[in-house]
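Note sheet for the following structure.
Just so it is clear, none of the values below were taken in a lab; they were calculated from the coordinates. From a predicted model like this one, the values you see are computed outputs, not experimental measurements. Glycine also receives a Cβ, built like all others from the backbone with ideal geometry; neighbour counts cover every protein chain displayed.
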Amino acid sequence: HVTEDTPGLLHHVKFQSQNFESILMWDSGPTSPPDTVYSVEYKTYGQRQWLAKAGCQQTTRKSCNLTMETGNLTELYYARVTALSPGGRSATKMTDRFSPLYHTTIKPPDVTCVPKVRSIQMMVHPMPTPILGEDGHQLTLEKIFQDLFYRLELQVNRTYQMHLEGTQREYEFVGLTPDTEFIGVTTISVPTWSKESAPYVCRVRTLPDRTWT
Amino acid sequence: FGPCQVKGVVLSELWKAFWAVKNTVQAQDNITSIRLLKPEVLPNISDAESCFVAHALLKFYLNVVFKNYYNKRVEFKILKSLSTLANNFILIISKLQPSQENEMFAIKESAHRRFLLFQRAFKQLDIEAALAKAFGEMDILLTWMEKFYHQL
């Protein structure tokens with residue numbers, strides 16, 4: 001979308017969002033002087049008024065955190081950046097319609113891998129988001145995405161892997177060889193929104209078997 | 001949807017069909033200050049009312065939005081998504097049987113008022129702008145439908 005544009009001052013105005021941490025980003029154009037300043041405005045889709053984002057006015061930075069301003073998951077948003085060069089040239093560009101639910105990507109899960117003699121426990125920790133529920137508490141990803149589940153894989157060797165999946169947080173791969181190294185891979189999946197996180201990988205060695213045989 | 005049950009619809013298929021054309025269609029809607037599916041139309045609908053509202057909205061999308069879009073010269077990609085969405089809407093509507101009993105009259109009236117809010121906003125726009133806006137707001141409609149979808 002282009003509202004008014006001096007060619008080459010402003011490019012790629014878009015949101016980047018991870019676990020609902022939503023950052024507006026943009027690039028300066030090939031002809032924009034280094035001391036060009038930028039001002040950010042945002043609004044809810046359907047509202048007339050653009051609101052200036054405090055802290056992102058007349059800035060030389062090329063990003064602005066709009067997490068709190070885009071925190072209502074039932075709403076859609078727009079943001080726009082106005083670039084002003086010292087010579088008085090200006091350009092304004094708007095984002096596509098931003099839907100936090102649609103656009104956010106999922107970070108790798110936070111997992112603790114605990115080796116035992118013949119098993120490995122994997123505990124997935126809750127992932128709070130900046131989104132507040134009606135009770136004012138931070139919502140977790142699991143609360144927001146009802147069909148979210150975890151997919152775990154234990155690479156035993158080049159050709160053999162073990163798989164577990166579910167919505168609970170604790171998993172255990174059993175029947176393993178003591179004193180052996182394994183690679184654990186955990187990803188988060190949200191089928192309805194076709195989202196999948198990058199994997200969390202842990203390299204872990206089962207404990208030696210010290211029992212007398 | 002409250003008293004109405006719909007089986008055999010895979011909502012993620014509808015999502016994928018819409019996502020394929022979301023940016024294209026939403027970019028055709030330059031009126032960022034008007035929203036057809038306003039907060040007063042959808043959120044906080046009682047279960048009982050949801051069947052009536054869903055029935056009315058889906059029928060409107062079929063008979064007005066999708067139908068008119070078919071007559072426009074649009075990219076094949078959009079037509080492909082349109083037919084997936086339209087076919088699923090036909091299936092859903094065929095299964096949505098809003099109750100016609102007398103005691104549901106008040107609920108039906110409330111649902112109809114909500115639908116009129118949407119329809120009035122649609123009619124206030126030029127037809128081309130209204131079609132692009134309605135199609136672009138499918139994500140709002142699907143997000144709302146999903147709440148009931150998961151309650152089965």
Query raised in the report: To the nearest Å, what is the center-to-center distance of the range A:13-33 and the range B:103-136, using C-alpha atoms only?
Result: 35 Å
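Averaging sequence separations of C-alpha pairs under 8 Å and six or more residues apart, then dividing by the length of chain B, give the relative contact order as a whole percent. It would help to have the intermediate numbers written out before the result.
Details: 134 pairs, mean separation 73.9, N = 152.
With pairs under 8 Å counted, the relative contact order is 49 percent.
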Report summary line: In whole Hz, the Karplus estimates of ³J(HN,Hα) for the range B:15-25 (6.51, -1.76, 1.60; θ = phi - 60°; x where Gly or Pro) are 4, 4, 4, 6, 4, 4, 10, 3, 5, 4, 6
Query raised in the report: Under a point spin-label approximation (7 Å from Cα along Cα-to-Cβ), what is the residue A:125-residue A:105 distance to one decimal in nm?
Result: 2.2 nm
**Report entry** Karplus-derived HN-Hα couplings along the range A:69-83 (A = 6.51, B = -1.76, C = 1.60, θ = phi - 60°), whole Hz, x at Gly and Pro
**Finding:** 6, 10, x, 9, 6, 8, 9, 10, 9, 10, 9, 9, 10, 10, 9
Report summary line: Each label sits 7 Å from Cα toward the beta-carbon; between residue A:23 and residue A:112 the label points are separated, in nm, by 2.9 nm
Query - For the range B:7-152, size of Cβ-based charge dipole, Lys and Arg +1, Asp and Glu -1, in debye - result: 400 debye
Query - Lysine pairs with alpha-carbon atoms under 24 Å apart, chain A, spacing 8 or more or separate chains - result: 16
Report summary line: In the range A:91-197, the trypsin sites (Lys or Arg not before Pro) that sit in a DSSP loop and have at most 15 other Cβ atoms within 10 Å of their own Cβ are A:116, A:118, A:158, A:169
**Report entry** chain B: angle of helix B:105-123 to the longest principal axis, Cα-based, in degrees nearest 10
**Finding:** 10 degrees
Query - Stretch gain in nm, segment residue B:31-residue B:127, where the contour uses 0.36 nm per residue and the Cα spacing is subtracted - result: 33.3 nm
Query raised in the report: What FRET efficiency, computed as 1/(1 + (r/R0)^6) with R0 = 22 Å and r the Cβ-Cβ distance, is obtained for residue A:160 and residue A:198, rounded to the nearest 0.05?
Result: 0.40
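Please state the charge dipole magnitude for chain A, taken about the Cα centre, from unit charges on C-beta atoms (+1 on K and R, -1 on D and E), reported in debye and rounded to the nearest 20.
Details: 21 positive and 22 negative charges, 72 e Å.
The dipole of chain A has a size of about 340 debye.
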Query raised in the report: Given labels modelled 7 Å from the Cα in the Cβ direction, how far is it in nm from residue A:147 to residue B:20?
Result: 1.8 nm
Report task. Give the long-range amide H neighbours of residue A:127: residues separated by 5 or more places, or on another chain, with amide H under 5 Å away, using H modelled in the peptide plane at 1.01 Å from N. Result -> A:141, A:142
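Looking at the P(r) of the range A:107-203, how many percent of alpha-carbon pairs lie beyond 16 Å?
Working: 2668 of 4656 pairs.
Result: 57 percent of Cα pairs exceed 16 Å.
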**Report entry** Calculated FRET value between residue A:169 and residue A:63, using beta carbons and R₀ = 25 Å, to 0.05
**Finding:** 0.15
